[in-house]
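The values are calculated or read from the model by the stated rules, or taken from the named source; none is laboratory data. Note that the structure is predicted; figures quoted are calculated from it, not measured. So basically every Cβ, Gly included, is an ideal-geometry build from the backbone, and we count neighbours across all protein chains shown. Keep in mind that these areas ignore ligands, DNA and RNA; they rest on the heavy atoms of the full protein, side chains included. Shrake-Rupley method; radii C 1.70, N 1.55, O 1.52, S 1.80 Å.
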Amino acid sequence: MKDTALRIADFKDSIFGVISRLAREHQAVNLGQGFPDFDGPEFMKDIVYKKMKEGHNQYAPFPGTPNLRQEISNYYERFYRLSYNPETQVTVTVGATEAIYLVIMGLINPGDEVIVLEPFYDSYVASIKMAGGIPVPVTMHAPDFTIDVKELTAAISPRTKLLILNNPHNPTGKVWAKDELEAVAKLTIQHDLYLLSDEVYEFLVFDGIKHIPTATLEGMKDRTITISSAGKTFGLTGWKIGWICANEKVTQACRLVHQYVTFAVSTPMQEAVAEGLKQLPDYLPGFVELYKGKRDSFYAEMKKLGFDFSLPKGTYFMMVPIAKHTKLNDVDFAMKLIKENKVATVPPSAFYLKSTEGEKFLRFCFAKKEETLRAAVENLKGL
Ligand SMILES: Cc1ncc(COP(=O)(O)O)c(C=O)c1O
(Lines give C-alpha, C1' and ligand atoms only; values in the text may rest on other atoms or scores of the structure.)
Protein backbone atom coordinates (compact mmCIF):
# COMPACT_ATOMS: atom_id res chain seq x y z
CA MET A 1 0.00 0.00 0.00
CA LYS A 2 1.13 3.57 -0.67
CA ASP A 3 2.50 5.75 2.13
CA THR A 4 0.39 8.10 4.22
CA ALA A 5 0.92 11.86 3.87
CA LEU A 6 4.33 13.40 4.40
CA ARG A 7 2.83 16.24 6.45
CA ILE A 8 2.25 13.84 9.34
CA ALA A 9 5.42 11.79 8.85
CA ASP A 10 7.11 13.04 12.02
CA PHE A 11 3.97 13.09 14.19
CA LYS A 12 3.99 10.67 17.13
CA ASP A 13 1.44 9.64 19.74
CA SER A 14 1.25 12.62 22.09
CA ILE A 15 3.03 12.43 25.44
CA PHE A 16 -0.38 12.62 27.16
CA GLY A 17 -1.51 9.35 25.59
CA VAL A 18 1.73 7.60 26.52
CA ILE A 19 1.61 8.78 30.14
CA SER A 20 -2.07 7.93 30.57
CA ARG A 21 -1.53 4.41 29.24
CA LEU A 22 1.40 3.85 31.61
CA ALA A 23 -0.57 5.34 34.51
CA ARG A 24 -3.34 2.81 33.89
CA GLU A 25 -0.91 -0.08 33.54
CA HIS A 26 0.83 0.78 36.83
CA GLN A 27 -2.30 1.99 38.65
CA ALA A 28 -0.64 5.33 39.27
CA VAL A 29 -2.51 8.40 40.56
CA ASN A 30 -2.85 10.53 37.42
CA LEU A 31 -1.78 14.16 37.79
CA GLY A 32 -0.59 14.12 34.20
CA GLN A 33 -3.87 14.63 32.36
CA GLY A 34 -4.61 18.33 32.06
CA PHE A 35 -8.28 18.31 32.99
CA PRO A 36 -10.47 17.92 36.09
CA ASP A 37 -11.18 14.41 37.41
CA PHE A 38 -14.50 15.77 38.74
CA ASP A 39 -17.68 16.84 36.98
CA GLY A 40 -18.58 20.33 35.79
CA PRO A 41 -21.34 22.47 37.37
CA GLU A 42 -24.85 21.04 37.74
CA PHE A 43 -26.51 24.20 36.41
CA MET A 44 -24.72 23.78 33.08
CA LYS A 45 -25.85 20.18 32.77
CA ASP A 46 -29.43 21.20 33.57
CA ILE A 47 -29.31 23.87 30.87
CA VAL A 48 -28.05 21.52 28.20
CA TYR A 49 -30.83 18.97 28.91
CA LYS A 50 -33.34 21.81 28.67
CA LYS A 51 -31.87 23.00 25.37
CA MET A 52 -32.09 19.49 23.94
CA LYS A 53 -35.69 19.11 25.12
CA GLU A 54 -36.54 22.48 23.61
CA GLY A 55 -35.41 21.16 20.24
CA HIS A 56 -31.99 22.74 19.68
CA ASN A 57 -30.74 19.61 17.98
CA GLN A 58 -30.15 20.30 14.30
CA TYR A 59 -27.10 21.87 12.61
CA ALA A 60 -26.21 25.30 13.96
CA PRO A 61 -25.29 28.15 11.61
CA PHE A 62 -21.68 27.41 10.69
CA PRO A 63 -20.05 30.44 12.42
CA GLY A 64 -21.86 29.52 15.68
CA THR A 65 -25.37 30.07 17.06
CA PRO A 66 -26.39 33.76 17.13
CA ASN A 67 -27.04 33.46 20.88
CA LEU A 68 -23.59 32.18 21.70
CA ARG A 69 -21.79 34.66 19.45
CA GLN A 70 -23.78 37.46 21.07
CA GLU A 71 -22.92 36.27 24.60
CA ILE A 72 -19.24 35.89 23.72
CA SER A 73 -19.28 39.44 22.39
CA ASN A 74 -21.11 40.61 25.55
CA TYR A 75 -18.60 39.12 27.97
CA TYR A 76 -15.57 40.58 26.16
CA GLU A 77 -17.30 43.95 26.42
CA ARG A 78 -18.36 43.46 30.05
CA PHE A 79 -15.06 42.10 31.39
CA TYR A 80 -12.47 43.78 29.18
CA ARG A 81 -14.15 46.65 27.31
CA LEU A 82 -13.29 44.87 24.06
CA SER A 83 -15.86 45.18 21.33
CA TYR A 84 -16.34 42.35 18.80
CA ASN A 85 -19.17 42.27 16.28
CA PRO A 86 -20.85 38.86 16.74
CA GLU A 87 -21.80 38.78 13.05
CA THR A 88 -18.36 39.33 11.60
CA GLN A 89 -15.73 38.94 14.33
CA VAL A 90 -16.72 35.95 16.50
CA THR A 91 -16.55 32.29 15.42
CA VAL A 92 -17.46 29.23 17.51
CA THR A 93 -15.17 26.21 17.18
CA VAL A 94 -14.79 22.65 18.46
CA GLY A 95 -12.73 23.70 21.47
CA ALA A 96 -9.72 25.97 21.36
CA THR A 97 -7.87 23.19 19.54
CA GLU A 98 -9.93 23.71 16.39
CA ALA A 99 -9.57 27.47 16.85
CA ILE A 100 -5.76 27.15 16.79
CA TYR A 101 -5.93 24.99 13.67
CA LEU A 102 -8.26 27.39 11.85
CA VAL A 103 -6.16 30.45 12.61
CA ILE A 104 -2.97 28.76 11.42
CA MET A 105 -4.57 27.20 8.33
CA GLY A 106 -6.26 30.51 7.51
CA LEU A 107 -3.08 32.60 7.81
CA ILE A 108 0.01 30.52 7.14
CA ASN A 109 1.45 29.70 3.71
CA PRO A 110 4.12 27.05 3.17
CA GLY A 111 7.45 28.55 4.23
CA ASP A 112 5.94 31.20 6.52
CA GLU A 113 7.55 31.34 9.95
CA VAL A 114 5.61 31.31 13.21
CA ILE A 115 7.19 32.23 16.55
CA VAL A 116 6.24 29.81 19.32
CA LEU A 117 7.21 30.58 22.89
CA GLU A 118 8.44 27.36 24.48
CA PRO A 119 7.28 25.47 26.50
CA PHE A 120 4.21 25.51 24.23
CA TYR A 121 0.85 23.78 23.99
CA ASP A 122 1.67 20.96 21.60
CA SER A 123 -1.06 21.52 19.00
CA TYR A 124 0.56 24.84 17.93
CA VAL A 125 3.55 23.16 16.33
CA ALA A 126 1.48 20.32 14.84
CA SER A 127 -0.90 22.82 13.19
CA ILE A 128 1.98 24.95 11.90
CA LYS A 129 3.55 21.86 10.32
CA MET A 130 0.26 20.78 8.73
CA ALA A 131 0.05 24.23 7.13
CA GLY A 132 3.61 23.83 5.79
CA GLY A 133 4.81 26.64 8.06
CA ILE A 134 8.03 26.71 10.06
CA PRO A 135 7.82 26.91 13.86
CA VAL A 136 10.55 29.15 15.28
CA PRO A 137 10.98 28.57 19.03
CA VAL A 138 11.89 31.26 21.56
CA THR A 139 12.46 30.02 25.10
CA MET A 140 10.67 31.32 28.19
CA HIS A 141 13.56 30.97 30.61
CA ALA A 142 13.19 29.38 34.06
CA PRO A 143 12.70 30.06 36.92
CA ASP A 144 10.18 32.81 36.06
CA PHE A 145 9.70 31.73 32.45
CA THR A 146 10.60 35.12 31.06
CA ILE A 147 11.33 36.06 27.48
CA ASP A 148 14.63 37.67 26.53
CA VAL A 149 13.53 40.45 24.17
CA LYS A 150 16.87 40.25 22.33
CA GLU A 151 16.31 36.56 21.63
CA LEU A 152 12.76 37.24 20.48
CA THR A 153 13.92 40.06 18.20
CA ALA A 154 16.60 37.82 16.70
CA ALA A 155 14.03 35.11 15.96
CA ILE A 156 11.90 37.42 13.80
CA SER A 157 12.69 37.35 10.07
CA PRO A 158 11.05 38.82 6.97
CA ARG A 159 9.19 35.49 6.67
CA THR A 160 7.66 35.70 10.15
CA LYS A 161 3.91 36.15 9.95
CA LEU A 162 2.49 35.10 13.31
CA LEU A 163 3.51 34.88 16.96
CA ILE A 164 1.65 32.60 19.39
CA LEU A 165 1.39 33.58 23.02
CA ASN A 166 -0.42 31.66 25.76
CA ASN A 167 -1.58 33.60 28.82
CA PRO A 168 -2.20 32.32 31.52
CA HIS A 169 0.39 29.78 30.52
CA ASN A 170 0.26 26.01 30.29
CA PRO A 171 2.46 24.26 31.53
CA THR A 172 4.15 26.84 33.79
CA GLY A 173 1.17 28.52 35.49
CA LYS A 174 2.71 31.88 34.62
CA VAL A 175 0.45 34.91 34.26
CA TRP A 176 2.16 37.46 32.02
CA ALA A 177 2.72 40.91 33.51
CA LYS A 178 1.62 43.96 31.54
CA ASP A 179 5.17 45.12 30.76
CA GLU A 180 6.12 41.66 29.48
CA LEU A 181 3.08 41.60 27.21
CA GLU A 182 3.83 45.12 26.01
CA ALA A 183 7.38 44.15 25.04
CA VAL A 184 6.04 41.34 22.83
CA ALA A 185 3.24 43.53 21.47
CA LYS A 186 5.71 46.25 20.52
CA LEU A 187 7.70 43.81 18.40
CA THR A 188 4.60 42.46 16.67
CA ILE A 189 3.65 46.03 15.74
CA GLN A 190 7.18 46.89 14.57
CA HIS A 191 7.36 43.81 12.37
CA ASP A 192 3.69 43.81 11.34
CA LEU A 193 2.93 40.33 12.73
CA TYR A 194 -0.33 38.74 13.74
CA LEU A 195 -0.49 37.61 17.35
CA LEU A 196 -2.52 34.54 18.30
CA SER A 197 -3.37 34.96 21.98
CA ASP A 198 -4.43 31.67 23.54
CA GLU A 199 -6.36 32.74 26.64
CA VAL A 200 -8.19 29.52 27.49
CA TYR A 201 -7.28 29.95 31.19
CA GLU A 202 -8.38 33.62 31.25
CA PHE A 203 -10.54 33.10 34.36
CA LEU A 204 -8.10 30.86 36.24
CA VAL A 205 -5.99 33.60 37.82
CA PHE A 206 -5.41 33.81 41.54
CA ASP A 207 -4.43 36.19 44.33
CA GLY A 208 -6.38 39.15 42.97
CA ILE A 209 -4.35 39.30 39.76
CA LYS A 210 -6.30 40.53 36.76
CA HIS A 211 -5.98 38.78 33.42
CA ILE A 212 -4.88 41.17 30.68
CA PRO A 213 -6.14 40.17 27.22
CA THR A 214 -3.46 40.95 24.65
CA ALA A 215 -6.06 42.66 22.48
CA THR A 216 -6.50 45.37 25.15
CA LEU A 217 -2.91 46.60 24.75
CA GLU A 218 -2.43 49.77 22.79
CA GLY A 219 -2.43 49.17 19.03
CA MET A 220 -3.10 45.43 19.42
CA LYS A 221 -6.85 44.98 18.94
CA ASP A 222 -6.71 44.56 15.18
CA ARG A 223 -3.66 42.31 14.93
CA THR A 224 -4.54 40.07 17.91
CA ILE A 225 -6.56 36.91 17.39
CA THR A 226 -7.97 35.86 20.76
CA ILE A 227 -9.12 32.33 21.47
CA SER A 228 -10.76 30.85 24.53
CA SER A 229 -12.65 27.77 25.65
CA ALA A 230 -15.79 27.01 27.65
CA GLY A 231 -14.15 23.68 28.46
CA LYS A 232 -11.71 25.45 30.76
CA THR A 233 -14.03 28.17 32.08
CA PHE A 234 -16.77 25.76 33.13
CA GLY A 235 -14.62 22.72 33.89
CA LEU A 236 -16.42 20.90 31.07
CA THR A 237 -13.53 19.95 28.81
CA GLY A 238 -15.57 17.24 27.09
CA TRP A 239 -18.06 19.73 25.71
CA LYS A 240 -15.41 21.11 23.34
CA ILE A 241 -16.82 24.58 22.77
CA GLY A 242 -14.22 27.23 21.93
CA TRP A 243 -14.12 30.49 20.00
CA ILE A 244 -12.08 32.97 18.01
CA CYS A 245 -12.40 36.75 18.23
CA ALA A 246 -10.55 38.55 15.45
CA ASN A 247 -10.84 41.26 12.84
CA GLU A 248 -13.16 40.65 9.89
CA LYS A 249 -10.48 39.57 7.46
CA VAL A 250 -9.00 36.95 9.80
CA THR A 251 -12.47 35.84 10.91
CA GLN A 252 -13.43 35.27 7.29
CA ALA A 253 -10.26 33.21 6.70
CA CYS A 254 -10.93 31.06 9.79
CA ARG A 255 -14.56 30.53 8.80
CA LEU A 256 -13.55 29.40 5.31
CA VAL A 257 -11.43 26.64 6.85
CA HIS A 258 -14.02 25.84 9.52
CA GLN A 259 -16.82 25.28 6.99
CA TYR A 260 -14.86 22.42 5.43
CA VAL A 261 -13.32 20.94 8.57
CA THR A 262 -16.26 20.71 11.00
CA PHE A 263 -18.91 22.93 9.37
CA ALA A 264 -20.98 23.36 12.54
CA VAL A 265 -20.46 22.82 16.26
CA SER A 266 -22.87 20.96 18.60
CA THR A 267 -26.04 23.05 18.82
CA PRO A 268 -27.36 22.24 22.34
CA MET A 269 -23.89 22.65 23.85
CA GLN A 270 -23.54 26.09 22.21
CA GLU A 271 -26.93 27.17 23.49
CA ALA A 272 -26.03 26.00 27.01
CA VAL A 273 -22.67 27.80 26.94
CA ALA A 274 -24.50 30.98 25.86
CA GLU A 275 -26.62 30.74 29.03
CA GLY A 276 -23.55 29.91 31.11
CA LEU A 277 -21.69 33.00 29.88
CA LYS A 278 -24.60 35.17 31.05
CA GLN A 279 -24.05 33.77 34.54
CA LEU A 280 -20.27 34.34 34.67
CA PRO A 281 -20.40 37.11 37.30
CA ASP A 282 -22.19 34.78 39.75
CA TYR A 283 -20.30 31.65 38.76
CA LEU A 284 -16.69 32.83 38.63
CA PRO A 285 -15.94 33.62 42.31
CA GLY A 286 -16.78 30.03 43.38
CA PHE A 287 -14.88 28.60 40.43
CA VAL A 288 -11.70 30.53 41.22
CA GLU A 289 -12.02 29.73 44.94
CA LEU A 290 -12.29 26.01 44.21
CA TYR A 291 -9.09 25.93 42.15
CA LYS A 292 -7.23 28.31 44.46
CA GLY A 293 -7.94 25.96 47.38
CA LYS A 294 -6.51 23.05 45.40
CA ARG A 295 -3.48 25.06 44.33
CA ASP A 296 -2.72 26.25 47.87
CA SER A 297 -3.04 22.88 49.56
CA PHE A 298 -1.14 20.96 46.88
CA TYR A 299 1.61 23.59 46.77
CA ALA A 300 2.02 23.42 50.57
CA GLU A 301 2.37 19.62 50.38
CA MET A 302 4.88 19.84 47.53
CA LYS A 303 6.96 22.29 49.56
CA LYS A 304 6.90 19.86 52.51
CA LEU A 305 8.19 17.18 50.14
CA GLY A 306 11.17 19.42 49.40
CA PHE A 307 10.16 20.74 45.96
CA ASP A 308 11.25 24.34 45.75
CA PHE A 309 9.45 26.65 43.31
CA SER A 310 7.21 29.69 43.29
CA LEU A 311 3.45 29.56 43.55
CA PRO A 312 1.83 29.50 40.07
CA LYS A 313 -0.41 32.54 39.55
CA GLY A 314 -2.79 30.97 37.06
CA THR A 315 -4.06 27.81 35.28
CA TYR A 316 -4.24 24.43 37.03
CA PHE A 317 -0.64 23.43 36.43
CA MET A 318 2.59 23.53 38.38
CA MET A 319 5.97 23.29 36.68
CA VAL A 320 8.01 21.62 39.40
CA PRO A 321 11.83 21.52 39.39
CA ILE A 322 13.18 18.01 40.00
CA ALA A 323 16.97 18.46 40.34
CA LYS A 324 16.86 18.27 44.17
CA HIS A 325 15.28 14.84 43.99
CA THR A 326 17.01 13.18 41.05
CA LYS A 327 19.80 13.27 38.52
CA LEU A 328 17.46 11.80 35.91
CA ASN A 329 15.94 13.89 33.12
CA ASP A 330 12.22 14.65 33.07
CA VAL A 331 11.18 11.67 30.93
CA ASP A 332 13.14 9.10 32.96
CA PHE A 333 12.05 10.62 36.26
CA ALA A 334 8.41 10.67 35.12
CA MET A 335 8.69 6.96 34.21
CA LYS A 336 10.27 6.18 37.58
CA LEU A 337 7.53 8.07 39.42
CA ILE A 338 4.82 6.14 37.58
CA LYS A 339 6.41 2.74 38.13
CA GLU A 340 7.88 3.11 41.62
CA ASN A 341 5.85 5.87 43.30
CA LYS A 342 2.58 5.37 41.41
CA VAL A 343 2.18 9.04 40.46
CA ALA A 344 1.81 10.12 36.82
CA THR A 345 2.98 13.57 35.67
CA VAL A 346 3.91 15.06 32.29
CA PRO A 347 7.58 15.48 31.31
CA PRO A 348 7.62 18.94 29.73
CA SER A 349 10.59 18.47 27.39
CA ALA A 350 7.93 17.46 24.84
CA PHE A 351 6.86 21.12 24.83
CA TYR A 352 10.24 22.45 23.70
CA LEU A 353 11.89 22.46 20.27
CA LYS A 354 15.15 24.18 21.15
CA SER A 355 16.03 24.41 24.83
CA THR A 356 16.75 21.51 27.18
CA GLU A 357 15.42 23.49 30.18
CA GLY A 358 12.30 21.32 30.24
CA GLU A 359 14.35 18.29 31.27
CA LYS A 360 14.68 19.76 34.76
CA PHE A 361 10.93 19.91 35.46
CA LEU A 362 7.73 17.89 35.68
CA ARG A 363 4.24 19.26 35.10
CA PHE A 364 1.70 18.44 37.80
CA CYS A 365 -2.01 19.11 37.21
CA PHE A 366 -3.90 19.99 40.39
CA ALA A 367 -7.40 20.06 38.83
CA LYS A 368 -8.18 16.93 40.80
CA LYS A 369 -10.44 15.80 43.66
CA GLU A 370 -9.00 16.28 47.15
CA GLU A 371 -8.72 12.51 47.52
CA THR A 372 -6.71 12.25 44.26
CA LEU A 373 -4.32 15.00 45.37
CA ARG A 374 -3.98 13.40 48.85
CA ALA A 375 -3.25 9.99 47.34
CA ALA A 376 -0.57 11.53 45.08
CA VAL A 377 1.08 13.27 48.03
CA GLU A 378 1.06 10.02 50.08
CA ASN A 379 2.71 8.17 47.19
CA LEU A 380 5.30 10.91 46.70
CA LYS A 381 6.35 10.61 50.35
CA GLY A 382 8.19 7.47 49.26
CA LEU A 383 10.56 9.56 47.17
C1 LIG B 1 -3.01 26.28 26.37
C2 LIG B 1 -4.12 25.48 25.81
N3 LIG B 1 -4.69 25.85 24.66
C4 LIG B 1 -5.69 25.15 24.11
C5 LIG B 1 -6.19 24.03 24.71
C6 LIG B 1 -7.30 23.26 24.04
O7 LIG B 1 -8.52 23.55 24.58
P8 LIG B 1 -9.86 22.79 24.14
O9 LIG B 1 -10.03 21.62 25.04
O10 LIG B 1 -10.92 23.81 24.27
O11 LIG B 1 -9.67 22.34 22.71
C12 LIG B 1 -5.63 23.59 25.92
C13 LIG B 1 -6.12 22.35 26.57
O14 LIG B 1 -5.50 21.80 27.45
C15 LIG B 1 -4.57 24.34 26.49
O16 LIG B 1 -4.01 23.98 27.64
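Across the alpha-carbon atoms of the range 1-150, the computed radius of gyration and Dmax are 20.1, 57 angstrom.
For LYS2 and THR262, a Förster radius of 22 Å and the Cβ-Cβ distance give a FRET efficiency of 0.20, rounded to the nearest 0.05. Rounded to the nearest 0.05, the FRET efficiency derived from the C-beta distance between GLN252 and GLU370 at R0 = 56 Å is 0.75. Normalised Debye scattering of the range 81-176 at q = 0.22 Å⁻¹ gives log10 I(q)/I(0) of -1.17, counting only Cα atoms as equal scatterers and leaving out solvent. Extension gain for ALA177 to ARG24 (0.36 nm times residue separation, less C-alpha to C-alpha distance): 51.2 nm. Which log10 I(q)/I(0) values, to two decimals, does the range 239-320 give at q = 0.22 Å⁻¹ under the Debye formula with one point per Cα? Each listed q maps to, in turn, -1.03.
Please compute the net charge surrounding LEU383, taking Lys and Arg as +1 and Asp and Glu as -1 over other residues with Cβ under 11 Å from its Cβ. Counting the neighbours of LEU383, the net charge comes to +2.
How much accessible area per residue does the chain have, in Å², with a 1.4 Å probe? Let's see the in-between values first.
Values: 16670 Å² over 383 residues.
Here the residues of the chain average 44 Å² of exposed surface.
Ignoring the sites themselves, the chain has its longest run without GluC sites (Glu not before Pro) in a DSSP loop having at most 16 other Cβ atoms within 10 Å at 219-383. Pairs exceeding a 28 Å alpha-carbon distance, out of LYS304/LYS369; LYS292/LYS354; LYS210/LYS369; LYS174/LYS324: LYS292/LYS354. Looking at the range 101-189, the trypsin sites (Lys or Arg not before Pro) that sit in a DSSP loop and have at most 16 other Cβ atoms within 10 Å of their own Cβ are ARG159. Reported to the nearest whole Å, the Cα centre-to-centre distance from the range 208-239 to the range 1-69 is 19.
Per the Kirkwood definition applied to all pairs of different Cα atoms, how many angstroms is the hydrodynamic radius of the range 42-281?
Working: mean 1/r = 0.0553 Å⁻¹.
Hydrodynamic radius (Kirkwood, Cα only) of the range 42-281 equals 18.1 Å.
Counting only DSSP H runs of at least 4 residues, each contributing -39500 (n - 2.57), and dividing by the residue count of the chain, the helix-based mean residue ellipticity at 222 nm comes to -12000 deg cm²/dmol. Loop-located trypsin sites (Lys or Arg not before Pro) across the range 289-383 with a Cβ neighbour count of 11 or fewer within 10 Å are LYS324, LYS327, LYS381, with loop assigned by DSSP. Backbone phi angles across the range 107-117, fed through the Karplus curve with coefficients 6.51, -1.76 and 1.60 (θ = phi - 60°), yield HN-Hα couplings of 10, 9, 9, x, x, 5, 9, 10, 7, 10, 8 Hz in residue order; Gly and Pro are listed as x.
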